[in-house]
Amino acid sequence: TSLTVTSTNPQSKDFLVIFDHTGPVSKAFPRALIISYILHVYSAYRAAELFDVVKEQGPALETLYHNSVLGLLTLSENGTIRTANKVALHVFADDGMIGKRLNEFMTPAESRRFDDLLASVASASRNRFVRFAAQLGQTNGRVSVEFAIQFDTGSRGFYATAHDSTARE
């Protein structure tokens, strides 16, 4: 049994899937298996197409990420910082914040509230952002930060924005 994918024009989004099975195909041979093969090929094709788009747009997306007016972070399920853009590094005044838990920057009371929030967001609010305001305890002077946090089931982590709201207060 073999599966071949071909296209007459590499620039075209059209392709042909050829399923070649030697010997008789019995009724016991599940059609669902053939369909499953075809769907896998199609999924691989779409992933490659998406990869090309990301590769093409990568520099522009990176510039947008680092020049956002908001601090942008990704966090692990326990709140460890995986990524942070330039604005986040400035808000938290720590160029070495990757690998630290976000609550380490908060006052002890805010840190406990933040841990409770992460647990509740991970279990209940998967499709929307939850707002959280906190005082930072590790920086010089009083810094207030407003967060919007969303849990991502795919990466088992969080997306977060951080905005320095000290001046507004």
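The values are calculated or read from the model by the stated rules, or taken from the named source; none is laboratory data. Just so it is clear, the model here is predicted, and its values are computed rather than measured. Backbone-built Cβ (ideal geometry, glycine too); neighbour counts: all protein chains shown. Keep in mind that these areas ignore ligands, DNA and RNA; they rest on the heavy atoms of the full protein, side chains included. Shrake-Rupley method; radii C 1.70, N 1.55, O 1.52, S 1.80 Å.
Data overview
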{"quantity": "Failed item, numbered, when Val69 is tested on (1) open to solvent by 40 Å² or more (accessible area, probe 1.4 Å); (2) modelled with pLDDT under 70", "calculated": "(2)"}
{"quantity": "Residues located in segment 60-80, provided they are at negative phi, of a type outside the set (Ser, Thr, Tyr) and more than 13 Å from the chain's Cα centre (by Cα)", "calculated": "Ala60, Leu61, Glu62, Leu64, His66, Asn67, Val69, Leu70, Gly71, Asn78"}
{"quantity": "Residue check for Glu62: out of contact with any helix residue (DSSP H, G or I) (no Cβ under 9 Å at 6 or more places or on another chain) and either open to solvent by 60 Å² or more (accessible area, probe 1.4 Å) or hydrophobic (A, V, I, L, M, F, W, C) (or both)", "calculated": "yes"}
{"quantity": "Failed condition for Ala148, given (1) over 18 Å from the mean Cα position of the chain (by Cα); (2) assigned to a strand (DSSP E or B)", "calculated": "(1)"}
{"quantity": "Any pair with Cβ under 9 angstrom, 6 or more apart, that starts in segment 49-74 at a residue that is under 30 Å from Phe147 (Cα atoms) and ends at one that is open to solvent by 90 Å² or more (accessible area, probe 1.4 Å) and assigned to a helix (DSSP H, G or I)", "calculated": "Val54/Leu61; Tyr65/Lys86; His66/Lys86; Asn67/Lys86; Ser68/Lys86; Gly71/Lys86; Gly71/His90"}
{"quantity": "Hits in segment 148-164 - residues which are surrounded by fewer than 17 Cβ atoms within 10 Å (Cβ to Cβ), free of Cβ contacts under 8 Å to residues at least 40 places away in the same chain and under 17 Å from Thr80 (Cβ atoms)", "calculated": "Gln150, Asp152"}
{"quantity": "Of the criteria (1) surrounded by fewer than 16 Cβ atoms within 10 Å (Cβ to Cβ); (2) closer than 19 Å to Thr166 by Cβ; (3) at pLDDT below 85, which one Lys86 fails", "calculated": "(3)"}
{"quantity": "Ser76 being surrounded by fewer than 17 Cβ atoms within 10 Å (Cβ to Cβ) and modelled with pLDDT under 85", "calculated": "no"}
{"quantity": "Ser111, sole failed condition from (1) assigned to a strand (DSSP E or B); (2) farther than 18 Å from Tyr65 by Cα", "calculated": "(1)"}
